[in-house]
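What follows is one structure encoded as structure tokens, with my remarks underneath.
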Amino acid sequence: MIANAAVGRSWAQYAAAVLGGLLAGALFLFGAIDYASGPGPGHNAPVVDFAIMATAFAAAAVASRPVRVWAARFIPIDPDHPVHALALCLAVILFGTQAASIAFTDVLAAEQRAPALSIPDLFTQELPFLVLAFAGVGLWIRRELVASSTRLGLVAPAWWHIALALAAAGVFFAASLGADSLSHLLTPSVAAEVDRTTQHLFGGLMDSPGLIALALLPGICEDLLFRGALQPRLGIVVTAVLFTSIHAEYGLSIDIPTIFLIAVGLGLIRKYANTTASITCHVAYNLLVGFGLTGTALYAGIGVEAVLVAVVGYAFWDRRRRQSAESEAAAQRTGVG
């Protein structure tokens, strides 16, 4: 809210530096105090605290304008924009802390000791993503609700956007099945741990209401933040890395690169269609994973997927044909003039 309020003000650059510096300083103090408290129950391992403090240094560097100017060569941010600066700082903190957790702790064992998720837990877990998305684009500070939704890409989709989203969901589902089989073949012990963790965390959501909530809440809230708010500023790849990092429940498994590839796919849908389409794809994919397809349903799903791919192919061909015809007509008018 402060960063959005600073946009266009004379003190915008100071706000970006101060907000980023405060966040980095608070994170460093957290790591330093935890390390000074010594090992024991409730404390991180020293290597995790060092990783957190290193992340704080990286976040502090991002608070510096020259670093943001350099970063702007690779991602579409305005180095002088306070919201862009804060988003980049938060992205560094999110990735660094999540990466430290995945790399230096037994995430799967920790998740198995955590309470199983219920629908209220899922709502509480996912709602902050939605709040951050709308707050990040300046809802009721720089933009009203309609303008904020448009900035997030939450717009009415064309018919082919929905066809593309559903076809992509089928492709992602097939990729996840292949990755799961490969994981059980190459890393059976890790795959078994991931299965136990997944069953423990989501076992209470295996009825129809739970599976629908598990499809809708992450699909809507996560895509609004990552694809809607962040991707236009951080780019597809960086956003996909951040999205992958929040899925710590899979630990260091083959599922992680699969999630990254799916995140890139969702990013491409956002880029060439809109966030409404990427949400549709994410929700449909979650439903397919939750309910599963076996036997006759699997063969029916393959048939539907083939139809969807054909429809999407026709839509792209028709769009290219129309664009070519419009270009030729424009060229003829210019020639006549």
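The values are calculated or read from the model by the stated rules, or taken from the named source; none is laboratory data. In this text, all values refer to a predicted model and were calculated from it rather than measured experimentally. Heads up, the Cβs are rebuilt from the backbone with ideal geometry, glycines too, and the neighbour counts pull from every protein chain shown.
Residue-level analysis places VAL241 outside the set of residues that are under 20 Å from GLN112 (Cβ atoms) and in a helix (DSSP H, G or I).
Might you check whether a residue that is in contact (Cβ under 8 Å) with a residue 60 or more places away in the chain, farther than 30 Å from VAL311 by Cα and within 21 Å of the chain's Cα centre (by Cα) occurs anywhere in the stretch 138-148? If you could, list the steps in order and put the result at the bottom.
Initial filter on the stretch 138-148 (in contact (Cβ under 8 Å) with a residue 60 or more places away in the chain): 138, 141-142.
Filter once more, keeping what is farther than 30 Å from VAL311 by Cα: 138, 141-142.
Applying the additional criterion that residues be within 21 Å of the chain's Cα centre (by Cα) yields 138.
Within the stretch 138-148, one or more residues are in contact (Cβ under 8 Å) with a residue 60 or more places away in the chain, farther than 30 Å from VAL311 by Cα and within 21 Å of the chain's Cα centre (by Cα).
Considered as a group, the residues in the stretch 305-321 that are surrounded by 14 or more Cβ atoms within 10 Å (Cβ to Cβ) and modelled with pLDDT of 90 or more include one that is farthest from the chain's Cα centre (by Cα), and that residue is VAL311.
Working carefully through the options ALA165, ALA192, ALA133, find the one that is in a helix (DSSP H, G or I) and closer than 30 Å to TRP317 by Cβ. Let's see the steps before the verdict.
Working: ALA192 fails: closer than 30 Å to TRP317 by Cβ; ALA133 fails: closer than 30 Å to TRP317 by Cβ.
Exactly one of ALA165, ALA192, ALA133 is in a helix (DSSP H, G or I) and closer than 30 Å to TRP317 by Cβ, namely ALA165.
From the list SER64, SER37, exactly one residue is over 26 Å from the mean Cα position of the chain (by Cα) and closer than 30 Å to PHE104 by Cβ. Which is it?
Numbers: SER64 fails: over 26 Å from the mean Cα position of the chain (by Cα).
Every option except SER37 fails the conditions.
Scanning the stretch 1-10 for residues that are in contact with a helix residue (DSSP H, G or I) (Cβ under 9 Å, 6 or more places away or on another chain) and not polar (S, T, N, Q) gives MET1, ILE2, ALA3, ALA5, ALA6, VAL7, ARG9.
Consider ILE77 carefully, then state whether it is touching a helix residue (DSSP H, G or I) at 6+ places or on another chain (Cβ under 6 Å) and closer than 29 Å to VAL190 by Cα. No, not satisfied.
Does at least one position in the stretch 142-154 carry a residue that is closer than 20 Å to SER245 by Cα, out of contact with any Phe, Trp or Tyr (no Cβ under 6 Å at 6 or more places or on another chain) and surrounded by fewer than 17 Cβ atoms within 10 Å (Cβ to Cβ)? The answer is no; no qualifying residue exists.
Considering PHE243, PHE226, PHE260, the condition of being touching a residue at least 24 places away in the same chain (Cβ under 8 Å) and of a type outside the set (Val, Ile, Thr) is satisfied by PHE226 alone. When the stretch 1-35 is filtered for residues that are over 20 Å from VAL69 (Cα atoms), of a type outside the set (A, V, I, L, M) and loosely packed, with under 15 Cβ neighbours inside 10 Å, only GLY25 remains. Among the numbered conditions (1) crowded, with 22+ Cβ neighbours inside 10 Å; (2) under 22 Å from ALA168 (Cβ atoms), the only one that GLY251 does not meet is (2).
The C-beta contact set for the stretch 178-189 (first residue under 19 Å from ILE262 (Cβ atoms), second residue part of a loop (DSSP other than H, G, I, E, B) and among the β-branched types (Val, Ile, Thr), distance under 6 angstrom, 6+ apart or interchain) comprises ALA179/ILE254; LEU182/ILE254; SER183/ILE254. Is it the case that LEU268 is in contact with a Phe, Trp or Tyr (Cβ under 8 Å, 6 or more places away or on another chain) and either in the same structural domain as LEU94 (by TED's automatic domain parsing) or under 23 Å from GLY153 (Cβ atoms) (or both)? Answer is no for this residue.
For (1) at pLDDT below 95; (2) of a type in the set (Ser, Thr, Tyr), each residue gets a yes or a no:
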| residue | (1), (2) |
| --- | --- |
| GLY210 | yes, no |
| LEU217 | no, no |
| GLY228 | no, no |
| THR239 | no, yes |
| TYR250 | yes, yes |
| SER253 | yes, yes |
| ALA263 | no, no |
| TYR285 | no, yes |
| GLY295 | yes, no |
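Filter the stretch 177-209 down to the residues that are crowded, with 18+ Cβ neighbours inside 10 Å and among the polar types (S, T, N, Q), then identify the one that is farthest from the chain's Cα centre (by Cα). Among them, the one singled out is SER183.
Here the stretch 40-84 is the region considered, the condition is being within 20 Å of ALA99 (Cα to Cα) and assigned to a loop (DSSP other than H, G, I, E, B), and the residue that is modelled with the lowest pLDDT is GLY42. Can you pull out the residues in the stretch 1-39 that are in contact (Cβ under 8 Å) with a residue 24 or more places away in the chain and part of a loop (DSSP other than H, G, I, E, B)? Matches in the stretch 1-39: MET1, VAL7.
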